[in-house]
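Since the structure comes first, as structure tokens, the remarks are kept for the end.
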Amino acid sequence: MERVLVIHGPNLNLLGSRDPGIYGNRTLAELDEEIAGWGRDLGVDVETFQSNHEGEILDRIQRADHDGVIINAGALTHYSFSLHDAIEAISPPVVEVHISNVRAREHWRRRSVIAAACVASIYGRGARSYHDALRHLVHRSRWPAETRRYGDDADDQIGDLRLPDGEGPFPVAVIIHGGFWADVWQRDLMDAVAIDISRRGWATWNIEYRRVGSGGGWPGTQADVAAAIDAIPTLSDRLDPQRVIVVGHSAGGQLALWSAGRHPDSSAVVPMGVVALAPITDLTQAHRLGLDDGAVERYLRRSPDKDGARYRESSPVSLLPLGVPQVIVHGDLDDRVPVQMSRAYAGEAADAGDEVRYHEFEGSGHFEVIDPGHIVWSKIADEIDQFLS
Ligand code: DQA
């Protein structure tokens, strides 16, 4: 991915003065400069273009000779079928972005008529949406994934499958992203992790699931994770459903541990291990600590006083022993999920009789543990490799 075209649609020239509560204070020129800087960091040459005119945007798309395109189509997103067709007609991958959370605003903003023609839709992360779109394009070009469905919801009951070369059958690492169960955070967060693990000889199944704001929250989020794991035997005959591990980060760590502790029926895929990176292991405590401003209550839809059972059934620490080996990893400077939670969980898991290995990384925060470029990753990768033997 060497050259990327970034297109800003109608009214984005007003950034800086337009609704700063929603779009922030950056002007378009400042945003473009920032995007160019992110491009340099990622080794990508970025060209930016803004227009208030649909026809000009279509012309620019048709002429694009770039390796990838990022488009914030503004309100055209919600009604321009011509734009959909232009995106569909060109060969470079196109990522749809929005600064605001279009799913949490007026009802008409929920619909994107261009999404089906785009390879990903990243929204609600502020200017960071553009950064993450660039990063996603870079990862896609390094190792393209096959996106597969495991349920009826074409946006969220899907996952990215990456298979190593060869006949297989390959062991499978299910990858579960975090983001406090909120809709704006999606599986692109785990692209780099998935690629690194696939390089080690695993098939990776980097799953999406319905989240708070996208039809999920309790119980749909957990139901989706279970369905995605149980779908493994149907995805490809080059996968080995007897050799599955689940790797989850943060809220995805909670879902990963939960998936191993659920009481499976005979058709379920039972993982042989879990690797939980900065996981939320105790939902009652996470609620008390007010993590991410009440994220746990948004996810479980009740306070622990109203429905303690729901908290216990979803909390890894209440499901112990899980009966599968677990690797728990946490940075001691994590400011999103306190390291104390993992320390306590690892002790309780061992006391309950589970095989658990705990690694605490000095000087690391919440995101180093999902960065294959970071020094701590080699330890995590070693642990993942151990499940191969
Ligand atoms: C937007 C969201 C659109 O609904 C709106 O019409 C825009 C900006 C965003 O970046 O959040 O113009 O695309």
| field | Residue in segment 324-331 that is assigned to a helix (DSSP H, G or I) and over 16 Å from residue 252 (Cα atoms) present | value | no
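Among the candidates 16, 55, which residue alone is within 14 Å of the ligand (Cβ to nearest atom) and without any contact (Cβ under 8 Å) to a residue 60 or more places away in the chain?
Working: 55 fails: within 14 Å of the ligand (Cβ to nearest atom).
Exactly one of 16, 55 is within 14 Å of the ligand (Cβ to nearest atom) and without any contact (Cβ under 8 Å) to a residue 60 or more places away in the chain, namely 16.
Return yes or no: is residue 100 modelled with pLDDT of 95 or more, more than 16 Å from the ligand (Cβ to nearest atom) and either more than 18 Å from residue 129 (Cα to Cα) or among the polar types (S, T, N, Q) (or both)?
For residue 100, the condition - modelled with pLDDT of 95 or more, more than 16 Å from the ligand (Cβ to nearest atom) and either more than 18 Å from residue 129 (Cα to Cα) or among the polar types (S, T, N, Q) (or both) - is not met.
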| message | If I filter segment 86-134 down to residues being among the aromatic types (Phe, Trp, Tyr) and assigned to a helix (DSSP H, G or I), which single residue comes out as farthest from residue 54 (Cα to Cα)? | response | 130
| field | Residue match in segment 285-293 (condition: free of Cβ contacts under 8 Å to residues at least 24 places away in the same chain and part of a helix (DSSP H, G or I)) | value | yes
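Looking at segment 249-268, can you tell me whether even one residue there is over 25 Å from residue 350 (Cβ atoms) and in contact (Cβ under 8 Å) with a residue 24 or more places away in the chain?
yes
Within segment 1-49, count every residue that is among the polar types (S, T, N, Q) and more than 21 Å from residue 76 (Cα to Cα).
1
Before we move on, is residue 122 in contact (Cβ under 8 Å) with a residue 24 or more places away in the chain and in contact with a helix residue (DSSP H, G or I) (Cβ under 7 Å, 6 or more places away or on another chain)? Outline the logic, then answer.
Working: in contact (Cβ under 8 Å) with a residue 24 or more places away in the chain: yes; in contact with a helix residue (DSSP H, G or I) (Cβ under 7 Å, 6 or more places away or on another chain): yes.
For residue 122, the condition - in contact (Cβ under 8 Å) with a residue 24 or more places away in the chain and in contact with a helix residue (DSSP H, G or I) (Cβ under 7 Å, 6 or more places away or on another chain) - is met.
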| Residue among 338, 304, 321 that alone is modelled with pLDDT under 95 and surrounded by 16 or more Cβ atoms within 10 Å (Cβ to Cβ) | 304
| note | For segment 210-224, the count of residues that are more than 11 Å from residue 255 (Cβ to Cβ) and β-branched (Val, Ile, Thr) equals 1
| task | Out of 65, 59, 41, report the one residue that is out of contact with any Leu (no Cβ under 8 Å at 6 or more places or on another chain) and within 16 Å of residue 128 (Cα to Cα). | result | 41
| request: Quick one: which helices (runs of 4 or more DSSP H) lie wholly within segment 171-235 and hold at least 3 residues that are in the same structural domain as residue 367 (by TED's automatic domain parsing) and of a type outside the set (A, V, I, L, M)? | output: 191-199, 220-230
| note | Quick count over segment 86-97, residues being near the ligand (Cβ under 9 Å from one of its atoms) and either surrounded by fewer than 17 Cβ atoms within 10 Å (Cβ to Cβ) or touching a residue at least 40 places away in the same chain (Cβ under 8 Å) (or both), is 0
| How many of the residues making up segment 5-55 are under 28 Å from the mean Cα position of the chain (by Cα) and assigned to a helix (DSSP H, G or I)? | 19
| Residue check, residue 109 under 19 Å from residue 183 (Cα atoms), assigned by TED's automatic domain parsing to the domain that holds residue 52, near the ligand (Cβ under 9 Å from one of its atoms) and under 24 Å from the mean Cα position of the chain (by Cα) | yes
| Residues in segment 113-130 that are within 9 Å of the ligand (Cβ to nearest atom) and either within 19 Å of residue 158 (Cβ to Cβ) or hydrophobic (A, V, I, L, M, F, W, C) (or both): how many? | 2
| request: Specify which of the listed residues (83, 137) is part of a helix (DSSP H, G or I), crowded, with 20+ Cβ neighbours inside 10 Å and within 13 Å of the ligand (Cβ to nearest atom). | output: 83
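Per-residue answers, yes or no, for (1) free of Cβ contacts under 8 Å to residues at least 40 places away in the same chain; (2) part of a loop (DSSP other than H, G, I, E, B); (3) in contact with a His (Cβ under 8 Å, 6 or more places away or on another chain):
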site: 336; (1), (2), (3): no, yes, yes
site: 345; (1), (2), (3): no, no, no
site: 350; (1), (2), (3): yes, no, no
site: 372; (1), (2), (3): no, yes, no
site: 378; (1), (2), (3): yes, no, no
site: 382; (1), (2), (3): yes, no, no
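The values are calculated or read from the model by the stated rules, or taken from the named source; none is laboratory data. Because the structure is a prediction, the values reported are computed rather than measured. Please note: Cβ atoms are built from the backbone with ideal geometry, for glycine as well, and neighbour counts cover all protein chains shown.
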